[in-house]
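In what follows, a single structure is set out as structure tokens and then discussed.
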Amino acid sequence: MSRRLLSVLEQVKSDPRDETAIADLKKRLVLQSLRTEFHVSKRRLREMAVYLIHEMHEGLRPNNESTLAMIPSFVKQKNAKNFSGLLFAIDLGGTNFRVIRMILERGALVGQQSTKYTIPVEHIEGGTAEGLFGCIAEKISVFMKTFPLPAALQNVAAAGGHFPLGFTFSFPVDQKAIDAGALKNWTKGFTTTGVVGKDVVELLQKEINKRDLPMKVVALCNDTVGTLVTRFFEDDQTELGVILGTGANACYWEARSNITKLPRDPQTEGSGGGNNNNKKVSFDDDQMIVNMEFGNFDSKKLLVLPVTQVDQELDADSPPEQLGKQRFEKMISGKYLGDIVRRVLIRASSHGFLPACIHEQLGKNNRPSFESRDAGLITSDRNPGQHLARAILSERYGCTGLSDADMYFISQVCHLVQRRSAQLAGMAIAAVLMKTGKQDNATVAVDGSVYGKTPGYPRHMMDAIGAVLGDNRGVRVKYTSDGSGLGAGYIAALTQV
Ligand code: BGC
């Protein structure tokens, strides 16, 4: 773990008696040391990529010891053009969730309605399973009132029929089938009780049934899987689905034969044993999407992650059940980037390199957390005077009277933390492409606010992909907004063909 920032702050020490020129030089030295600490070298990126590939292999085996869960999604390549009809998708991955109604004609999306709802915090922090899933079902009822079924389909519901529903649930799930999976552990600060170890499809279906809603949950998927499938419907060279938002994760197409922890599939592999009726025991070309859960990469031993003391502190302040977990996610996702920035700024301010209002305001216990979105807005404000950035700092966080030099320092810290995130995300994408051998021609579908709303992020990510692979090869990164929700609908459609 690097203690560079801390040592520099302590050695250099700002002193109110310093002449301006000396004070400026000290500030520059601190910034320079931050630049070094938050920059990941090409060599380190490659070391991480190689170790990530090793962890992927381990995670695909039975009884693995890997930090990557490598969860089979049960989504296989099928021809979506055989489905036409109306279906629903629910997308739950953070404090907001969405209900979507989709109409597909021969696999193509020809109509959609969707609404976003906020889940009250009492269902997220320590609430109950019934409260959380009941709240979702309640909002589906509201949605059905806002968007009544087309007249021609109302008799389906009246006669007790059901429409297929795909459920994007963006947490680590022990998936047993396309429509069954138990939550392994919560991430992203959720602590709702009574869900870990339970089948989330059953929990949702129970609440849907209680309200007589005409839906059957036919597919459960991760948001990365939804994103990959959504892009795959347009571009069959899509190899990865990546989310860089509140949380971070990726999934990819893996050869079924490499997923040795999956029980052998009697349908494709014959009956085995003595009663083999000559079906081929070969599935070499079969592909299945695997949800990597890469947020937990290297969390056990921190062998390769470029962890700083600030990262250690952030982890130490996690809820007890999330302590020591998701260490990679805690360096790259939107839930944490703002907090990393906040911690660095507090350090610099309490050592006298930024005005005291910074540590006084940002260090308050009842403070609003420093939002990653605000860090993005601060970096994007390149106007002389940085009025937008100043307004954010004063109106949202109560930090006023900042000089131009302070503003430069603050936006540099935001930029460095965001760039490190982009580098690590790019490393992970490159590692997956190296593992599958697809680096010469692949589309990577990416969704999430960190990727979509952070200035310069796509460029830094692409640079890191290039640093690991030698050059960018044939890698195309495509922003696939809404992929996570729509994807659940597409996957639900695949179960019907
Ligand atoms: C979850 C993943 C999810 C990712 C992005 C992580 O915290 O563990 O399942 O894909 O966030 O939403």
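The values are calculated or read from the model by the stated rules, or taken from the named source; none is laboratory data. These numbers were taken from a predicted model, which means no experiment stands behind them. Counting neighbours? That spans all protein chains shown, and the Cβs are built from the backbone with ideal geometry, glycine included.
Residue check: is residue 298 within 18 Å of the chain's Cα centre (by Cα), surrounded by 19 or more Cβ atoms within 10 Å (Cβ to Cβ), within 16 Å of the ligand (Cβ to nearest atom) and free of Cβ contacts under 8 Å to residues at least 24 places away in the same chain?
The answer is no for residue 298.
Between a residue in the range 407-418 that is free of Cβ contacts under 8 Å to residues at least 60 places away in the same chain and more than 17 Å from residue 394 (Cα to Cα) and any residue that is part of a helix (DSSP H, G or I) and not hydrophobic (A, V, I, L, M, F, W, C), which pairs come within a Cβ distance under 9 Å, given they are 6 or more apart or on different chains?
Partner pairs satisfying both residue conditions: 415/379.
Look through 203, 213 and report the one residue that is touching a helix residue (DSSP H, G or I) at 6+ places or on another chain (Cβ under 9 Å) and closer than 23 Å to residue 121 by Cβ.
Residue meeting the stated conditions: 203.
Which residues, counting only those in the range 239-262, are more than 16 Å from the ligand (Cβ to nearest atom) and either within 19 Å of residue 431 (Cβ to Cβ) or free of Cβ contacts under 8 Å to residues at least 12 places away in the same chain (or both)?
Residues satisfying the conditions are 239, 253, 254, 255, 258, 259.
Working only within the range 321-344, note down all residues that are surrounded by fewer than 22 Cβ atoms within 10 Å (Cβ to Cβ), of a type outside the set (Lys, Arg) and farther than 29 Å from residue 407 by Cα.
Passing the criteria: 321, 322, 323, 324.
Could you tell me whether any residue of the range 181-194 is within 16 Å of the ligand (Cβ to nearest atom), assigned to a strand (DSSP E or B) and surrounded by fewer than 19 Cβ atoms within 10 Å (Cβ to Cβ)?
yes
Can you tell me which residue among 431, 422, 464 is of a type outside the set (S, T, N, Q), within 15 Å of the chain's Cα centre (by Cα) and at pLDDT 95 or above?
422
Looking at 380, 372, 421, which is the one that is in contact with a strand residue (DSSP E or B) (Cβ under 8 Å, 6 or more places away or on another chain), closer than 25 Å to residue 456 by Cα and touching a residue at least 40 places away in the same chain (Cβ under 8 Å)?
That would be 421, the only listed residue that is in contact with a strand residue (DSSP E or B) (Cβ under 8 Å, 6 or more places away or on another chain), closer than 25 Å to residue 456 by Cα and touching a residue at least 40 places away in the same chain (Cβ under 8 Å).
Taking only the range 306-329 into account, find how many residues are part of a loop (DSSP other than H, G, I, E, B) and within 13 Å of the ligand (Cβ to nearest atom).
Residues that pass the stated criteria total 5.
Among the residues of the range 136-179, which ones are touching a Leu at 6+ places or on another chain (Cβ under 7 Å) and free of Cβ contacts under 8 Å to residues at least 60 places away in the same chain?
157
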